[in-house]
Amino acid sequence: MTRTNLFTSLLVCLVPASAQQNFDNVQIHVEPVQHNIFMLVGGADANTTVQIGSEGVLIVDTQYAPLAPKLMTEIRKLSPGPIRYIINTHIHPDHVGGNAAIAKLAGSDPALPLKIIAHENVLNRLTETAPGQPRFPEEGLPLDEYGTPTKKLHFNGEAVIIFHEPNAHTDGDSMVLFRGSDVISTGDIFVAGGYPFIDVEHGGSVQGEILALNHILELAVPAKTQEGGTYVIPGHGRVCDDADVVEYRDMVVIVRDRIRDMIKKNMTLDQVKAARPTLDYDTEYVTKNSFVTADRFVEAVYKSLSPSQVRSSR
Ligand SMILES: [Zn+2]
């Protein structure tokens, strides 16, 4: 399957069928997170992080294109300032879909240009178009791409550090640390209340997923009371903290270890699925609307742990 076809199929599979026709009914809710950081949520769709201040507005992820006007309406209630940065955490259309529409609605001021930032693997994939497939809108491309382990900005009075997390949810994942506000926006590396979607076809792997989750925990500092401290905005779901990420990381590690042991016993994917290595977690991480079912999670972990990788890790 071409990458563009994959992009189109992801658009289909990341949105529940009912939601595809129902963007009109989606309401965007604004949740203050900490200091000058806000989380904007539309139904079950991806989270958008917004940082506001005297220099303008920085946005992490733009949801689907049809939601852009509603997103901008809410952003404008928070700040009338210029939209200066969009950061895309990865390629999936529920995170980059609104780029062009937001850029258009933001207007253009040559003195205060909007920069769209993502890891270079995101730009590369968005510009690869198969014949007959629509191109990703030029004005929404992350042309301020980076290929280094980190990219640093100083904006609205705080350091904003973008980390590339290799081969985790995809091969182009960025996490954004707002160092002054003490907030981390993780993209889909971390999803509250659902198994991670490890997109193996787009370079994701369970090993990279675990390293990225551990990196969140290196950066996050819990408050003395356990609640609070660094806040973590997941790709989907509620605002979390250090303790939530610890629990999630532990779950992924335990499931990875179980499946690795099964692969060492030469069990096939079907046998591993039948053994239900996630069973004790399924009630917490799977609902009837889950995009990542237990089988899909197991399959992604299994594919990540090819026999050659299992042997080399012994
Ligand atoms: Zn995603």
Where is the GNM fluctuation largest for the chain (alpha-carbon springs, 10 angstrom cutoff): GLN51, GLN27, GLN271? GLN271
Helix 206-219 versus the longest principal axis of the chain: what is the Cα-based angle in degrees, 0 to 90, to the nearest 10? 50
If GLU138, GLU55, GLU218 are ordered by their accessible area, calculated over protein heavy atoms with a 1.4 Å probe, which sequence runs from highest to lowest? GLU218, GLU138, GLU55
Given N residues in segment 77-232, what is Rg(Cα) / (2.2 N^0.38 Å)? 1.09
If I build a Gaussian network model for the chain, linking alpha-carbon pairs within less than 10 angstrom, which residue out of GLY157, GLY140, GLY194 has the largest mean-square fluctuation? GLY157
Can you pick out the pairs among LYS104/LYS152; LYS77/LYS288; LYS224/LYS273; LYS77/LYS224; LYS151/LYS273; LYS265/LYS288 whose Cα atoms lie more than 30 Å from each other? LYS77/LYS288; LYS224/LYS273; LYS77/LYS224; LYS151/LYS273; LYS265/LYS288
For the chain, with all protein chains present and a 1.4 Å probe, just round the carbon and sulfur fraction of the accessible area to a whole percent. 53
With both partners inside the chain, how many of the DSSP beta bridges are antiparallel, as a percent to the nearest 5? 75
Helix 3-14 against the longest principal axis of the chain: what's the angle in degrees, Cα atoms only, rounded to the nearest 10? 90
Which aspartates and glutamates, on any chain, are close to LYS115 with Cα under 15 Å apart, when same-chain ones fewer than 8 places away are left out? GLU55, ASP61, GLU138, GLU139, ASP144, GLU145
Would you rank VAL200, VAL50 by solvent-accessible area, highest first, keeping every protein chain in place and using a 1.4 Å probe? VAL200, VAL50
Net charge within 12 Å of MET267 by Cβ-Cβ distance, Lys/Arg positive one each and Asp/Glu negative one each, not counting MET267 itself? +3
Can you tell me the relative contact order of the chain? Whole percent, Cα pairs under 8 Å, sequence separation 6 or more. 14
Could you please put TYR64, TYR281 in sequence from largest to smallest accessible area, using a 1.4 Å probe? TYR281, TYR64
Accessible surface, segment 200-285, averaged per residue in Å² (probe 1.4 Å): 49
Kindly give the semi-axes, whole Å and largest first, of the ellipsoid equivalent to segment 100-172, taking each as the square root of 5 times a Cα gyration tensor eigenvalue. 23, 21, 8
Note the angle between two axes, namely the Cα long axis of helix 68-78 and the longest principal axis of the Cα atoms of the chain, as a number of degrees from 0 to 90, rounded to the nearest 10. 60
Taking only C-alpha positions in segment 142-247, Rg and Dmax in angstrom work out to 13.5, 42
Expected max-MSF residue from ILE87, ILE102, ILE254 in the GNM of the chain (alpha carbon, under 10 Å) is ILE254
So the compactness index of the chain, its C-alpha Rg divided by 2.2 N^0.38 Å, takes the value 0.98
Quick check: the distance between the Cα centres of segment 204-219 and segment 243-283, to the nearest angstrom? 16
Inter-part distance where segment 23-75 and segment 145-189 are each reduced to a Cα centre, Å: 17
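The values are calculated or read from the model by the stated rules, or taken from the named source; none is laboratory data. For clarity, every value in this text was computed on a predicted model and none was experimentally measured. With ideal geometry, Cβ positions are generated from the backbone for all residues, glycine too; neighbour counts draw on all protein chains shown. Ligands, DNA and RNA are excluded from the accessible area calculation, which covers all protein heavy atoms including side chains. Shrake-Rupley method; radii C 1.70, N 1.55, O 1.52, S 1.80 Å.
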